[in-house]
Amino acid sequence: MTRRPSARFGSFLAVLLLLLLAMLADARRLAPPRQQEQAARAVLVQQLGLSDLALFTEARYTRHLSLADLHSPFQDHPLALDHFPSGSVVPPPPARLPHYAPLDREATLPD
């Protein structure tokens, strides 16, 4: 008796769901011992003044998000398009936004 392709696919999805549940259970089991390690690392990062994690390798303004200025993607000219896809995925760091956000509200138009 041959099985239908949809039944095979259903079995495949069931196995993937079981694997996902097993991974979540393992993560829950390992969470309490790792909390102490994570707290110790957070203290070390604070003491050493380390920057954020480098998530992308493309451009300097996506490599170190907290160290980049808002104008880096447009360094060629103000209307330049971003060369790298990660620049459109990652917004500016929240710590940088309050400093730049009110500038348009403070400017006055010349007569």
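Below, the figures for the structure above:
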read-out: Filter result for residue 18 (modelled with pLDDT of 75 or more and of a type in the set (A, V, I, L, M, F, W, C)); value: yes
read-out: Residue 54 of a type in the set (A, V, I, L, M), more than 30 Å from residue 87 (Cβ to Cβ) and out of contact with any Asp or Glu (no Cβ under 6 Å at 6 or more places or on another chain); value: no
read-out: Residue within the range 89-109 that is at pLDDT 70 or above and either part of a helix (DSSP H, G or I) or open to solvent by 90 Å² or more (accessible area, probe 1.4 Å) (or both) present; value: yes
read-out: Residue check, residue 13 at pLDDT 70 or above, surrounded by 10 or more Cβ atoms within 10 Å (Cβ to Cβ) and not charged (D, E, K, R); value: yes
read-out: Breaking point among (1) within 30 Å of residue 86 (Cβ to Cβ); (2) open to solvent by 70 Å² or more (accessible area, probe 1.4 Å), for residue 5; value: (1)
read-out: Evaluation of residue 52 against (1) at pLDDT below 75; (2) surrounded by 10 or more Cβ atoms within 10 Å (Cβ to Cβ); (3) not in a loop (DSSP other than H, G, I, E, B) (one fails), failing number; value: (3)
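The values are calculated or read from the model by the stated rules, or taken from the named source; none is laboratory data. Note that the structure is predicted; figures quoted are calculated from it, not measured. Quick reminder, even Gly has a Cβ in these numbers, built from the backbone with ideal geometry, and neighbours come from all protein chains shown. Accessible surface areas use protein heavy atoms only, side chains included; no ligands, DNA or RNA. Shrake-Rupley method; radii C 1.70, N 1.55, O 1.52, S 1.80 Å.
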